């Protein structure tokens, strides 16, 4: 048959251009940071962490829970909350298997709520949970996978580099319950394995027991708000700093994005430099802020694959302290040494409102905190 004799009919639809609906931008982010985050909080503990981010302007936040009563107590707008109906709304009762099944059964509805709130304007998603609870610990794997599906849906590559997890460990008092200890150990081991395999990045472990020991003066009423606002605040500071220009050395958005993509565990630290006139004052402060961080300890810092350190000082500090630049550089070099030669992204900023010098640090790509996991394992019963 001759190609000119095909006689293919013309379809009416050929004359029409399809109308492609624009994807919604979702709720407007008000954080002012370099990256736009979507926050997912699941369970009581995870919901409280997500709420702390919401209060800092991270309005693309959704809290999920199997317990209606816990959601009702969370001070978020109703469209930022979603009840995963399960056993009449009474919660998972520390049963992570049942919670996982509940979230899987509502998977599409969970995904739809994320689309409504996040829209298509999210760079990264953080899934926040308490690993000892039934709802948070039971739902985290499903939520990580849904978050990765979201990025695929909006057309982003490398979804596994865009989804991170903030997981809080219980206090010693809480792990006195065999079920709580089992939940915490099983789930954190599972998350550590996934993080090391690169299924998501990063894994940030908040150690409530360590915080309780470091800050015994915290009252019952202030304990959770202080922890959650500090964790969210540290995250927020680095996200903000990455938007600022510096007359000295800038920590830019590419630096920030690079460190946030490192697989494995991540820790943050902040401390005021006590002796700015000492050559080793800043290096000592950088070491201390990794030891006193609210996040889990027991990491081998030499296993790190990336780090960032930013110092922020008042105008008077930079004008009056001789040799300060050498001390700052020595501090950065010390951080590189204690992290096994990891790349250290650096920033030096001037803040006229400050009268001191403050050092902020991130270390990423860390292997499992073996010592802390062993401590948790002691509470398991055969």
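The values are calculated or read from the model by the stated rules, or taken from the named source; none is laboratory data. Please read these numbers as outputs of a predicted model, since none were measured by experiment. Every residue, glycine among them, receives a Cβ derived from its backbone with ideal geometry; neighbour counts consider all protein chains shown.
Just to check your reading of the model, which residue among 258, 246 is surrounded by fewer than 18 Cβ atoms within 10 Å (Cβ to Cβ), within 17 Å of the chain's Cα centre (by Cα) and touching a residue at least 12 places away in the same chain (Cβ under 8 Å)?
258
Assuming residue 187 fulfils every condition listed in (1) touching a helix residue (DSSP H, G or I) at 6+ places or on another chain (Cβ under 9 Å); (2) closer than 21 Å to residue 290 by Cβ apart from one, which condition is it?
(2)
Which one of 238, 223, 200 is touching a helix residue (DSSP H, G or I) at 6+ places or on another chain (Cβ under 8 Å) and in a loop (DSSP other than H, G, I, E, B)?
After ruling out the rest, the residue left standing is 200.
Taking the range 293-336 on its own, how many of its residues are closer than 24 Å to residue 252 by Cβ and more than 21 Å from the chain's Cα centre (by Cα)?
20
Could you list, ordered by first residue, the pairs with Cβ atoms under 6 Å in which the first is in the range 169-196 and outside the structural domain of residue 137 (by TED's automatic domain parsing) and under 12 Å from residue 209 (Cβ atoms) and the second is modelled with pLDDT of 90 or more and buried (at least 16 other Cβ atoms within 10 Å of the Cβ), at least 6 apart or interchain?
Hits for this filter: zero, empty list.
Can you report the number of residues in the range 275-290 which are surrounded by fewer than 15 Cβ atoms within 10 Å (Cβ to Cβ) and either in contact with a strand residue (DSSP E or B) (Cβ under 8 Å, 6 or more places away or on another chain) or more than 13 Å from residue 331 (Cβ to Cβ) (or both)?
Qualifying residue count for the region: 1.
Which condition number in (1) over 26 Å from residue 264 (Cβ atoms); (2) surrounded by fewer than 18 Cβ atoms within 10 Å (Cβ to Cβ) is the one that residue 119 fails?
Checking residue 119 against (1) over 26 Å from residue 264 (Cβ atoms); (2) surrounded by fewer than 18 Cβ atoms within 10 Å (Cβ to Cβ), the one that fails is (2).
Output the number of residues of the range 241-268 satisfying the condition of being over 22 Å from residue 325 (Cα atoms) and part of a helix (DSSP H, G or I).
Result for the range 241-268: 7.
Could you check, for the range 269-282, whether at least one of its residues is farther than 25 Å from residue 171 by Cβ, modelled with pLDDT under 95 and either in a helix (DSSP H, G or I) or within 21 Å of the chain's Cα centre (by Cα) (or both)? Walk me through it before giving the result.
Pass one, the range 269-282, residues farther than 25 Å from residue 171 by Cβ: 272-282.
So of that shortlist, the ones also modelled with pLDDT under 95 come out as 272-282.
Now drop any that are not either in a helix (DSSP H, G or I) or within 21 Å of the chain's Cα centre (by Cα) (or both), which leaves 281-282.
Yes, because at least one residue in the range 269-282 is farther than 25 Å from residue 171 by Cβ, modelled with pLDDT under 95 and either in a helix (DSSP H, G or I) or within 21 Å of the chain's Cα centre (by Cα) (or both).
Name, by its number, the condition in (1) over 21 Å from residue 203 (Cβ atoms); (2) in a loop (DSSP other than H, G, I, E, B) that does not hold for residue 346.
Just one mismatch for residue 346, condition (2).
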